[in-house]
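Worksheet for the structure shown next.
Just so it is clear, none of the values below were taken in a lab; they were calculated from the coordinates. Worth saying up front: this structure is predicted, and the values here are computed from it rather than measured. Quick reminder, even Gly has a Cβ in these numbers, built from the backbone with ideal geometry, and neighbours come from all protein chains shown.
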Amino acid sequence: MQLREYLTNDDKWEYQSFDVTAVGACVLAPAIMWVAEMIKWEHTGSPRGSISAYHSMLPAGAFFIPLTVAVMLFVVNGWLYRGHRIHVAMSAFLLGVILFDHDGASAAAHFTFAGYFFVVGAFLEAARDSKLPQWAPWRWIAMAPILPFWLLVKRRDEILRLWQRAVEIALPFAILWLLSLAGGWLEDHWLFIAEWVALAVLVIHYLGDARGHAHANAALAGN
């Protein structure tokens, strides 16, 4: 099967278009922000210090639109299919990143939501298996604040099996921070690159989980 057919015509992969588009929106978002700012100010330059720093950029749509698209896709996918309800919580985390700025009084909320998004995302497969609770979407939203701890308690074996994913997401931060200590270009931009790499790793795992996830139990919410 050709790649295009693999992504769009596999009848065993329900709602794959939403998964693929959400991944694309996440991976391309940092590039869109960087390029949009260069076009706006008509110069070629380095990125900002972090992805979060683009929260206050002009044009604002370059930050908000691709991430909001990803939020919408996570919501639709999770709301329609019981087997994907964890995506509703992921959308809540990402929405928090969008709504709260990384500076000032809202900084704690911004980085809490970002941390939850990466932590839960690292172990997303642990909450997408056949033992997934058949909770309503609103309950997933209510569970969002304690979801990492719930996973640790209720999905301990799966967490231990997937620990390497968390390492892969954390590793770019450690490596690029160490490299930045030598000075140079990375000194001011290491966090932006690390966040971008970690985000790409997370959503690529997400896409792989979506492909391998058993959809037999992913019945329409109305059934």
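Taking Cα pairs under 8 Å and at least six residues apart, what relative contact order does the stretch 69-168 come out at, in percent?
28 percent
Do you know the relative contact order of the stretch 15-212, to the nearest whole percent, from alpha carbon pairs under 8 angstrom that are 6+ apart?
25 percent
For a quick protection proxy, order the peptides 103-111, 88-96, 162-170 by their average other-Cβ count within 10 Å, most packed first.
88-96, 162-170, 103-111
What does the stretch 15-212 give for Rg and for Dmax, in Å, if only its C-alpha atoms count?
For the stretch 15-212, the Cα-based Rg and Dmax read 16.9, 53 Å.
What is the calculated FRET efficiency for residue 157 to residue 56, with r their C-beta to C-beta distance and R₀ = 45 Å, to the nearest 0.05?
The value I calculate is 0.60.
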